[in-house]
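A.B. asks: Please find one structure pasted underneath; my questions will follow.
The values are calculated or read from the model by the stated rules, or taken from the named source; none is laboratory data. None of the values given here were measured: they were computed from a predicted structure. With ideal geometry, Cβ positions are generated from the backbone for all residues, glycine too; neighbour counts draw on all protein chains shown.
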Amino acid sequence: MIVDVHYHFIPEVTQQRVAWISKGVVSLARRIGQSFDMEAVGKSVEKNVTDPTGERLIAWMEDSGVDFTCICTIDNASVESMTKEMAQKANRIMGEIAQKNSKKVMALAGVDPRRPDALNMLRQCFEEFGVRGLKYHPDYGFNPSGTESYKLLQIVQDNDGILLTHTGPLPPPARPKFADPMLLADLATDFPDLKVIAAHMGMSDWRSWAGLASFQPNLYGDLAMWDVLAFGKYELFCRELRNLLDYAGASKVLFGTDSPIFNMLFPTKKWIQLIKDLPDNSWQGIHFSEEEVNAILGGNAASLLRLE
């Protein structure tokens, strides 16, 4: 079974968000020596990212060989044009698609804890929209272990839900100090039953995540955006992955893609195949077992999400 725990569901997209996504894709491409035209990427984003019916999601899963996907939306209260109504519309559409495809899809709501009505928004997402968890982007400017966040996390824990929260550096205007994996340290004490996935495992700051994950039974991490390192600097990817598995344990790492945004750089099926090939095709002197690969690609997530 292949399980992707990190897919961005985008029912509609503004020109501001097209520009933001395009800038991110081009920036990552440059890091690995690829040259992408910003205008061409923007047109591709407009054409391929929006998915108001979920048809693109299901087609992508079938083409990529993904059996189950956690889809999420993002809310950002610091952007004036992103209203509460827009955020809830996206959550509602996403929830309906997840319920329609419940054997393949799980939804994680996007609710910014800084919104005055955040509690009611999240309750509606669980009670009416059928979501199963919450997605955070604290680099927008809030502390995931802050007072406002704790009120939402109590709802997530009470509903036996999942928190997927961004960790790791990002370029301006992001505020990565709020995405430090160490800000998740208190959650294990204050919300002992809350299941937390640190998106990207802190990326270059993975040691902070691994140190916590080795002690916190409900803290996991995903491999979203690690494909940039895997395809750009394969030796470094193998060394870093081997080290973090040894630190945190292979049971803590989950497969993730950040699709449909970053599969414009690398098709998801190539990313899956690269991981499948690790036992036979890793960098010299670095070894991965079939059991580790199977756990990462789906076994760990199936256990966490209680999939049949």
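A.B. asks: Regarding Leu307, is this residue under 19 Å from Asp227 (Cβ atoms) and either outside any helix (DSSP H, G or I) or touching a residue at least 24 places away in the same chain (Cβ under 8 Å) (or both)? Give the steps one after another, and end with the answer.
C.D. replies: On the way: under 19 Å from Asp227 (Cβ atoms): no; either outside any helix (DSSP H, G or I) or touching a residue at least 24 places away in the same chain (Cβ under 8 Å) (or both): yes.
Taking the combined requirement at face value, the residue does not satisfy it.
A.B. asks: Which of the numbered conditions does Ser102 fail, given that it passes all the others? Conditions: (1) touching a residue at least 24 places away in the same chain (Cβ under 8 Å); (2) surrounded by fewer than 24 Cβ atoms within 10 Å (Cβ to Cβ); (3) small (Gly, Ala, Ser).
C.D. replies: (1)
A.B. asks: Here's a follow-up. For Phe178, which of the numbered conditions (1) of a type outside the set (Val, Ile, Thr); (2) under 30 Å from Val26 (Cα atoms); (3) assigned to a loop (DSSP other than H, G, I, E, B); (4) at pLDDT 95 or above fails to hold?
C.D. replies: (3)
A.B. asks: For Asp112, indicate whether it is buried (at least 16 other Cβ atoms within 10 Å of the Cβ), of a type in the set (Asp, Glu) and in contact with a Leu (Cβ under 6 Å, 6 or more places away or on another chain). Give the steps one after another, and end with the answer.
C.D. replies: Values: buried (at least 16 other Cβ atoms within 10 Å of the Cβ): yes; of a type in the set (Asp, Glu): yes; in contact with a Leu (Cβ under 6 Å, 6 or more places away or on another chain): no.
No, not satisfied.
A.B. asks: Between a first residue in region 231-245 that is under 20 Å from Pro267 (Cβ atoms) and a second residue that is part of a helix (DSSP H, G or I), which pairs have beta carbons less than 6 Å apart while being 6 or more apart in sequence or on different chains?
C.D. replies: Pairs that qualify, where the first residue is under 20 Å from Pro267 (Cβ atoms) and the partner is part of a helix (DSSP H, G or I), are Phe237/Leu229; Phe237/Ala230.
A.B. asks: Right, here's the next one. Output the helices (runs of 4 or more DSSP H) that fall wholly within region 5-80 and possess 2 or more residues being at pLDDT below 70 and surrounded by 15 or more Cβ atoms within 10 Å (Cβ to Cβ), or say none. Don't jump to the end; show me each part of the working.
C.D. replies: Numbers: elements: 15-31, 38-48, 55-64.
Hits in region 5-80: 15-31, 38-48.
A.B. asks: If you don't mind, there's one more thing I want to ask. Looking at (1) under 17 Å from the mean Cα position of the chain (by Cα); (2) closer than 29 Å to Cys238 by Cβ; (3) at pLDDT 95 or above, which is the one condition that is false for Gly161?
C.D. replies: Here Gly161 clears every test but (2).
A.B. asks: Can you name the number of the only condition in (1) under 30 Å from Met1 (Cβ atoms); (2) touching a residue at least 60 places away in the same chain (Cβ under 8 Å) that Pro171 fails?
C.D. replies: Here Pro171 meets the rest and fails (1).
A.B. asks: If I ask for residues that are over 18 Å from Asn281 (Cβ atoms) and modelled with pLDDT under 95, which ones from region 206-255 would you list?
C.D. replies: Met225, Val228
A.B. asks: Can you find a residue that is modelled with pLDDT of 95 or more, of a type in the set (A, V, I, L, M) and more than 16 Å from the chain's Cα centre (by Cα) anywhere in region 96-110?
C.D. replies: At the first step, the residues of region 96-110 found to be modelled with pLDDT of 95 or more are 96-110.
Next cut, of a type in the set (A, V, I, L, M) only: 97-98, 105-109.
Next, only the ones that are more than 16 Å from the chain's Cα centre (by Cα) stay: 97-98.
Looking through region 96-110, at least one residue is modelled with pLDDT of 95 or more, of a type in the set (A, V, I, L, M) and more than 16 Å from the chain's Cα centre (by Cα).
A.B. asks: Specify the residue that is surrounded by the fewest Cβ atoms within 10 Å (Cβ to Cβ); the eligible residues are those in region 115-149 that are acidic (Asp, Glu) and assigned to a helix (DSSP H, G or I).
C.D. replies: In the first step, residues of region 115-149 are kept if they are acidic (Asp, Glu); the result is 117, 127-128, 139, 148.
Adding the requirement that they be assigned to a helix (DSSP H, G or I) leaves 127, 139, 148.
Working: Glu127: 10, Asp139: 22, Glu148: 16.
Ranking the candidates gives Glu127 first.
A.B. asks: Tally the residues that are outside any loop (DSSP other than H, G, I, E, B) and either out of contact with any Ser or Thr (no Cβ under 6 Å at 6 or more places or on another chain) or surrounded by fewer than 19 Cβ atoms within 10 Å (Cβ to Cβ) (or both), restricting the search to region 265-294.
C.D. replies: Taking region 265-294 as the starting set, the residues that turn out to be outside any loop (DSSP other than H, G, I, E, B) are 268-276, 278-281, 290-294.
So of that shortlist, the ones also either out of contact with any Ser or Thr (no Cβ under 6 Å at 6 or more places or on another chain) or surrounded by fewer than 19 Cβ atoms within 10 Å (Cβ to Cβ) (or both) come out as 269-276, 278-281, 290-294.
Residues meeting the conditions: 17.
A.B. asks: Here is a further query. Keeping to region 184-217, report how many residues are surrounded by 18 or more Cβ atoms within 10 Å (Cβ to Cβ) and outside any helix (DSSP H, G or I).
C.D. replies: Residues meeting the conditions: 8.
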